[in-house]
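Peer 1: One structure, as structure tokens, below. Some questions next.
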């Protein structure tokens, strides 16, 4: 999982030629073997097949790089959909906790020698999401990375620069100094416990109804033409947990919105998913992020976060579970790096 | 809404789709052969890297360490430390962590002295992610590497200045 | 391999084959997981699993100032970034009672419509990839669409500096003004794209394979679409003529004259048709913007300084929606009087559209399932937020 | 002596075919690139990336060879070899010039199609042995598809055989001295079209590449194969395609017949033209669905090819 830093080097020696060189005691054998090795590393760098795999915005730019205008096929780079046939995985997008283990799995399924490019700020460091509960701060917490390409998203030229850089690394046969997680482990700290803010009153507006009226209210509205469900969400006010509903009548071009106030200790109310089918997912989201329990919901599971997640992140008192994810204080990390560089 | 396609139109359609691909066979490819040739980079380019500028006449740094960019950065990647001497502020340290930059150009926009600019050149890919931490020296060197993009703080702020007098009567 | 052969491949639940599709799959349009139960090749039931790109934008919003947020939202629906920031900016303007200038409004429409064109081109291209695989005609369609999209992106790049994360919208106005000769570039682009779009339409809409693959597949009824809250081309393909640009005009959309393409049957073909017809409509809006672009300032606020923090009144709440290429993209903002939102909810169109999948997928073959997913055109940054 | 001669001949043929097949993949990438208004391989062996197939081959050799832990080891390793052997076997009976053929056989045409239909065993074995659901679905699809399309394939091939009055390739070529069978009014063209469609279906090419359907089944039956074993599939696929192109050029386009140039060159030109034609179709159409594929076969292609065969038979017997 994402929290376990990768210390072991993943790459196997190519073809095991080094061992062969020791066995053959013929003059010139080593020259022959080094030149063979050179040929094979040339072949490796000339035929990098990446996995068809994209996560977010950077993937769109990656697709554009594969498309006619930039055409990565010129480098001999063609995509393969199966990890078994891929040499390269381009992590293009934000790596979340839920996705991290899949990425690890995909990486393991690839045959060695294999390469990783982290493209874009999200893959490099988690970008502005790096303090967020569900985001892995950099894909190198999950798999070892060979080349980092900056950009948000990197332009196609930057992608191609990344490929060229990787080709250089392959042909120089340099062992890449993978990101050393252990070095900055000391500065990784628990997420600061956010001090509970002073409870300030926030004035409330809108139509409030009681939880008991909810289903009848919703079905009345539906019967009177408000048959389009816009959204359901919740707000964690300092004193209550409010659920907001909005429906719409397309014929009348009108919106109706109402709120239900709930108690923090036991936020439960009936589900309206039998009236509006779309409420199913919205209610699951409200449960996932706010912990609002919908009593007769047909599928009361989390929707966005992994099933075994604890806590409801959009509550104001949510403290991040640092056993899952490192918290990355940028400044401290920077200082640690500086010191590392000074030491050499 | 198309009706049921007749047999003749069906054959027409097949031939037409073959024709469309065939036509492209003799067109010049749209590909820009990147390492060999480069597509023009527009003036307003902001997908590149950063630089700290110096005054052309005096050779002094433009940055006065006002920390506005540090405050506005949504990604929280800029660290500025202020020191004051010879009658103005200076940036003792200026760190820009390109690892988490989202290239929104807000730092450029708020800069009161045109000190930080984006460049019309890409950040090179690195094998070591620490190399993406640009400190003050690197940022000053960058200025010589590429030319600056169109946007600069004062220019953008002037663009956003509400017009003093109404143009139309 | 020893052991019971049947047990190796066939699930024990009544001869149905459980197939896991995604999150890494060429045609899930991002990180999406479908747990399919198949009988033969027919889908019996499906359990979608989302959240593989859940980046907690709503939580992130609570930690940043209003002025820092628009570029953050552009990463959500990454095929039409300006629609996201536009929705946010409109909501905050409602909240703080700031009125953008007329010219800013027109420029917002301009970028939004150009990105609608580029987004629909991606949608049609990747739809081709779903129907035709990456080793065949689908790839050709995909590459043609991306080739044409590059022209739009080049224009966006000369206008704003990046290819699609424009960061164009700011509270009170826009960041960039048009450059000289911009109108000529736009008209050239319009002529080029209209020719190309007509060509694709002739190729696809008479192509027997395309028609066989798309017609009467994945039918969504208007009732179902409304109940689930589907919007955009998915809703309009069912015959419901609802578009926020028409029904609740924002950002001076009422000044422009355009048609709403509406489908009749709500199948995959109709959704494709609505999209490709919207490209032409968007191009016509863009020319109208260029022709009627009013003079004046592009921003109604003082130049952005972090000292001038925007602080909407305490307890104010606002919901503003825009018509993104995928449908109704709304932002609900609640202020607590500070410079940061107290709560921000993104009502994303893809999230609601994707909720149709368990309703319409059963009964179709796997190949159709892929086509249906492609025709819903989800963006997973938008679904998971 | 004759054995050694045969060995040498087949070694030369094998080497030539493998080299040609490798460069056919390059040709396809260049050709599809131009169709899609891009360049295709360019930088590996500048200009035009002529070293690309060599790099691909060498890289695939050096890749780690993975056998999934729960796969059927024997079948898993046998299948790629089977595919390559079977697709190369076909070349033994195809004449490459008017009088040069490795094995001359009276029933050459029949034998060729018989060999071709053995491919399905390899594909099915690969899909089954991989212990992967996508591979299983793919192999089931491809078994259904190949077995079904054998019928119109064979029926449409029988037309030239009837017109020539022989199943021997030499006789078929000789019979085309006066006119190529493709120019034979109606019957020739119909049987050519049906053969082309059936051959596309049999060699898993667009618009019938259902067993490799990338967007549905990721990579199809070869999803679990890596390195050299995957290369075997690749090789087998293109060798089979080349054999089909060669067959079309012999049976419908008069093979080595043609003015001025030597026969060997004519057959090469015709084969290449047919190959490019297949690629052109491949890169221009979308994929059809499995039920539509079966419908097309049993409801349209098979009846038409029956009628066509009947017409050909009538014509020949009435003329006699």
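Peer 1: When the helices in chain B are scored as -39500 (n - 2.57) per DSSP H run of 4 or longer and the sum is shared across all residues, what 222 nm value do you end up with, to the nearest 500 deg cm²/dmol?
Peer 2: -8000 deg cm²/dmol
Peer 1: Here's a follow-up. For the stretch B:101-141, just say rounded, prolate or oblate: build the C-alpha gyration tensor, square-root its eigenvalues into a ≥ b ≥ c, call rounded for a/c under 1.5, and beyond that prolate if a/b exceeds b/c, oblate if not.
Peer 2: Prolate, because a/c is 1.5 or more and a/b exceeds b/c.
Peer 1: What residue among C:20, C:105, C:353 shows peak mean-square fluctuation when chain C is described by a Gaussian network model with Cα springs under 10 Å?
Peer 2: Looking only at C:20, C:105, C:353, the biggest GNM fluctuation is shown by C:20.
Peer 1: Further question on the same structure: Describe numerically, in nm with one decimal, the distance between label points set 7 Å from Cα along Cα→Cβ at residue D:46 and at residue C:39.
Peer 2: Result for the modelled spin labels: 6.1 nm.
Peer 1: With r as the distance between the Cβ atoms of residue A:105 and residue C:98 and R0 = 51 Å, compute the FRET efficiency 1/(1 + (r/R0)^6) and round to 0.05.
Peer 2: 0.55
Peer 1: Where does each of A:248, B:9, D:70 land when they are ranked from fewest to most other beta-carbon atoms within 10 angstrom?
Peer 2: Listing A:248, B:9, D:70 from fewest to most nearby Cβ atoms yields D:70, B:9, A:248.
Peer 1: Could you state the angle between the C-alpha long axis of helix D:302-319 and the longest principal axis of the C-alpha atoms of chain D, as a value from 0 to 90 degrees rounded to the nearest 10?
Peer 2: 30
Peer 1: Rg(Cα) of the stretch A:211-295 divided by 2.2 N^0.38 Å?
Peer 2: Normalised Rg, Cα atoms only: 1.05.
Peer 1: Distance in nm between label sites at residue D:67 and residue C:295, each 7 Å beyond Cα in the beta-carbon direction?
Peer 2: In this crude label model, residue D:67 to residue C:295 measures out at 8.1 nm.
Peer 1: Which angle from 0 to 90°, rounded to the nearest 10, does the C-alpha axis of helix D:263-282 make with the longest principal axis of chain D?
Peer 2: Relative to chain D, helix D:263-282 is tipped by roughly 60 degrees.
Peer 1: Quick one: grab the alpha carbon gyration tensor of the stretch C:173-278, order the square roots of its eigenvalues as a ≥ b ≥ c, and give me rounded if a/c is under 1.5, else prolate or oblate depending on whether a/b is larger than b/c.
Peer 2: oblate
Peer 1: While we're looking at this one, here's another question. Quick check on chain C: helices-only [θ] at 222 nm, where DSSP H runs of length 4 and up contribute -39,500 (n - 2.57) each and the sum goes over total residues. Nearest 500, please.
Peer 2: The helix-only estimate for chain C comes to -14500 deg cm²/dmol at 222 nm.
Peer 1: Using a 10 Å cut-off on Cβ to Cβ distances, tally the other chain neighbours for every residue of B:91-103 and report the average as a whole number.
Peer 2: Counting other chains' Cβ atoms within 10 Å and averaging over B:91-103 gives 6.
Peer 1: For the stretch C:243-331, state the average projected area of the convex hull of the C-alpha atoms over all orientations, rounded to one decimal in nm².
Peer 2: Spelled out: convex hull of the Cα atoms, projected over all directions, averaged, 8.7 nm².
Peer 1: Mind checking the angle between helix D:227-251 and chain D's longest principal axis? C-alpha axes, 0 to 90 degrees, to the nearest 10.
Peer 2: For helix D:227-251, the angle is close to 10 degrees.
Peer 1: Which of the peptides C:106-114, A:299-307, A:42-50 is most tightly packed, and how do the rest follow, judged by the mean count of other Cβ atoms within 10 Å per residue?
Peer 2: Those peptides, ordered most packed to least, come out C:106-114, A:42-50, A:299-307.
Peer 1: What nm value, rounded to one decimal, do you get for the distance between residue A:252 and residue A:171 when each label is placed 7 Å out toward the C-beta?
Peer 2: 7.1
Peer 1: Could you work out Rg/(2.2 N^0.38 Å) for the protein assembly as shown, with Rg from alpha carbons only?
Peer 2: The value comes to 0.97.
Peer 1: Then there's this: What are the semi-axes of the equivalent ellipsoid for the stretch C:53-155, taken as the square roots of 5 times the Cα gyration tensor eigenvalues, largest first, in whole Å?
Peer 2: Equivalent-ellipsoid dimensions as semi-axes: 33, 18, 9 Å.
Peer 1: Rg and Dmax in Å for chain C, alpha carbons only: what are they?
Peer 2: That works out to 21.8, 79 Å for Rg and Dmax.
Peer 1: Among D:283, B:19, rank each residue by its count of other Cβ atoms within 10 Å, from fewest to most, as a rough exposure measure.
Peer 2: Sorted ascending by nearby Cβ count, the order is B:19, D:283.
Peer 1: With only alpha-carbon atoms in the gyration tensor, what are the semi-axes of the equivalent ellipsoid for the stretch D:71-318, in Å, largest first?
Peer 2: 31, 20, 15
Peer 1: I would also like to ask the following. For residue D:291 and residue D:179, FRET efficiency with R0 = 41 Å and r from the beta-carbon atoms, rounded to 0.05?
Peer 2: Here the calculated transfer efficiency is 0.55.
Peer 1: Checking the a/c ratio against 1.5 first, then a/b against b/c, what shape does the Cα gyration tensor give for the stretch B:50-157?
Peer 2: rounded
Peer 1: Let me ask you something else. Using alpha carbon centroids, what distance separates the stretch D:227-256 and the stretch B:3-58, in Å?
Peer 2: About 34 Å separates the Cα centre of the stretch D:227-256 from the one of the stretch B:3-58.
Peer 1: Could you calculate the FRET efficiency of residue C:255 with residue C:195 from 1/(1 + (r/R0)^6), where r is the beta carbon distance between them and R0 is 30 Å, rounded to 0.05?
Peer 2: After rounding to 0.05, the efficiency reads 0.65.
Peer 1: Another one. Any idea what the relative contact order of chain D is, in percent, if you count C-alpha pairs under 8 Å spaced at least 6 apart?
Peer 2: Normalised by residue count, the contact order of chain D is 23 percent.
Peer 1: Under the definition of partner shielding as Cβ atoms of other protein chains within 10 Å of a residue Cβ, what is the mean value for peptide C:327-333?
Peer 2: Other-chain Cβ atoms within 10 Å of each residue's Cβ, averaged: 2.
Peer 1: Across peptide D:80-86, how many C-beta atoms of other chains are within 10 Å of each residue C-beta, on average?
Peer 2: 0
Peer 1: Rounded to two decimals, what is Rg over Rh for the stretch B:73-117 when you use alpha-carbon atoms and the Kirkwood radius?
Peer 2: Rg divided by Rh gives 1.00.
Peer 1: Give me the number: length gained by fully extending residue B:33 to residue B:143, i.e. 0.36 nm times residue separation minus the C-alpha to C-alpha distance, one decimal in nm.
Peer 2: 36.9 nm
Peer 1: Quick one: among D:161, D:16, D:268, which has the greatest mean-square fluctuation in a GNM of chain D with alpha-carbon springs under 10 angstrom?
Peer 2: Residue with maximal mean-square fluctuation among D:161, D:16, D:268: D:16.
Every read-out reported here was derived from the displayed coordinates using simple, explicitly stated rules and does not represent laboratory data. Just so you know, these numbers come straight off a predicted model, no measurement behind them. With ideal geometry, Cβ positions are generated from the backbone for all residues, glycine too; neighbour counts draw on all protein chains shown.
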